[in-house]
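**Student:** Sharing a structure, written as structure tokens. Questions coming.
The values are calculated or read from the model by the stated rules, or taken from the named source; none is laboratory data. It should be emphasised that the depicted structure is a prediction, and the values quoted were computed from it without experimental measurement. Counting neighbours? That spans all protein chains shown, and the Cβs are built from the backbone with ideal geometry, glycine included. Remember, those area values only see protein heavy atoms, side chains included, never the ligands or the DNA or RNA. Shrake-Rupley method; radii C 1.70, N 1.55, O 1.52, S 1.80 Å.
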Amino acid sequence: MRPILLQGHTRSLTQIKYNREGDLLFSVSKDKVVNVWYSHNGERLGTYTGHLGSVWTIDVNSTTTMIITGSADNTAKLWEVQTGRCLKTWEFKTAVKRVEFSEDDTMALCVTEERMGYAGTVTVLPINTDLNGKQSDEPVAAIVNDGGPKAVVASWGYLNKYIISGHEDGSISQYDWKANKKLNSITPHEDIISDMQMSTDRTYFITSSKDKTSKIFDSETLDQLKSFQTDAPLNSASITPKFQEFVIVGGGQDAMSVTTTSARAGKFECRFYHKILEEEVGRVRGHFGPINTIAIHPDGKSYSSGGEDGYVRVHHFDPDYFKFKIEA
């Protein structure tokens, strides 16, 4: 499995995302650049320039016509995928740490940082799917944090029914965002939740945490379904959509203390766990620093990881991956 190395960033990656068909891979980094690549051969298609600070997060809509990005310059920007034109800039009081389109592309959620006396929020913005239409400034809803632990990641439940958020103290909350009501809250992790990714049908989701575990929960009940224990802080976790029932998790020792260890000791590997049996089945090494973000191709035949080293590595699985059977 020879990876394709994508060299388009000068600083660490913060998030990577495939579009719905998986032919394009979008990457954002602390170098203010938003890149789009052909996922099959790693050719760079273009960039989206305009942010004035680290870009923390990106999402692409289901028709691959628009992307939304969130940045440390306190803005979220909506872009036309094909031309790179910025369609709209929403200004916030603090940095935008996570963005995600709703299932029908008509809304997007933005998680804003809690800083400088401003409360953290999960803000829902209306999205006009017409590329040349006017985008509204007024949010549809805003869940404001009233003194609780701040939200760091969030995701839409199925049919946009709920918004599920992951927090700094390891808690997960489920909101009826239309009524602005918290329905449920659990604290399954002992440290900050670093990533949250939904299953294809959004009925369950996976979290990763700095407490060295990754867990799967039911979106409706928030029941914990599975747990995967590792020996390094995790930054990202993703679920394979088909062929194999795996989850891929990645992380490694914090960027600050990296210089004190060799690449081998730093545990900079993508780890594959069997989703049902919770057993580790393999590892893929390669990054020279912590793995910050993992995305799996929607067809389940390849995956990509973005690291603190500024590289995105695209891995196309070998034929024996598809034949692999775990020995019971």
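**Student:** Run down Gly84, Gly46, Gly53 and say which single residue is out of contact with any Gly (no Cβ under 7 Å at 6 or more places or on another chain) and either open to solvent by less than 30 Å² (accessible area, probe 1.4 Å) or modelled with pLDDT of 95 or more (or both). Talk me through it step by step, then tell me what you get.
**Tutor:** Working: Gly84 fails: out of contact with any Gly (no Cβ under 7 Å at 6 or more places or on another chain); Gly46 fails: out of contact with any Gly (no Cβ under 7 Å at 6 or more places or on another chain).
Step by step, each of Gly84, Gly46, Gly53 is checked, and only Gly53 is out of contact with any Gly (no Cβ under 7 Å at 6 or more places or on another chain) and either open to solvent by less than 30 Å² (accessible area, probe 1.4 Å) or modelled with pLDDT of 95 or more (or both).
**Student:** Phe246 - would you say it is surrounded by 20 or more Cβ atoms within 10 Å (Cβ to Cβ), under 16 Å from the mean Cα position of the chain (by Cα), modelled with pLDDT of 95 or more and of a type in the set (Phe, Trp, Tyr)?
**Tutor:** No; evaluated as a whole, the condition is false for this residue.
**Student:** Which residue is farthest from Ser102 (Cα to Cα), if the candidates are limited to the stretch 212-232 and must be open to solvent by 30 Å² or more (accessible area, probe 1.4 Å) and part of a loop (DSSP other than H, G, I, E, B)? Even if it seems obvious, please write down each step before you answer.
**Tutor:** Step one: of the stretch 212-232, the residues open to solvent by 30 Å² or more (accessible area, probe 1.4 Å) are 212, 218, 220-221, 223-227, 229, 231.
Now restrict to residues that are part of a loop (DSSP other than H, G, I, E, B): 212, 220-221, 223, 231.
Details: Lys212: 29, Glu220: 17, Thr221: 20, Asp223: 23, Asp231: 34 Å.
This residue is Asp231.
**Student:** Mind listing just one residue for me: the one in the stretch 8-41 that is farther than 21 Å from Trp56 by Cβ and in a loop (DSSP other than H, G, I, E, B) and, of those, farthest from the chain's Cα centre (by Cα)?
**Tutor:** Asn41
**Student:** Asp105: surrounded by fewer than 19 Cβ atoms within 10 Å (Cβ to Cβ), closer than 24 Å to Thr203 by Cα and of a type outside the set (Val, Ile, Thr), yes or no?
**Tutor:** When the stated conditions are applied, Asp105 passes them.
**Student:** So, one more: Inside the stretch 90-129, can you point out the residues that are under 19 Å from Gly50 (Cβ atoms), among the aliphatic types (A, V, I, L, M) and in a strand (DSSP E or B)?
**Tutor:** Val96, Val99, Ala108, Leu125, listed by residue number.
**Student:** Continuing with the same structure: Can you tell me which residues in the stretch 138-167 are assigned to a loop (DSSP other than H, G, I, E, B) and either at pLDDT 95 or above or within 19 Å of Asn61 (Cα to Cα) (or both)?
**Tutor:** Pro139, Val140, Gly157, Lys161, Tyr162
**Student:** Of everything in the stretch 165-184 that's open to solvent by less than 70 Å² (accessible area, probe 1.4 Å) and free of Cβ contacts under 8 Å to residues at least 24 places away in the same chain, which residue is nearest to Ser214 (Cα to Cα)?
**Tutor:** By that ranking, first place goes to Ser171.
**Student:** Select from the stretch 187-207 the residues that are out of contact with any His (no Cβ under 9 Å at 6 or more places or on another chain) and among the hydroxyl-bearing types (Ser, Thr, Tyr) and write down the one among them that is least open to solvent (accessible area, probe 1.4 Å).
**Tutor:** Per the criteria, the residue is Ser199.
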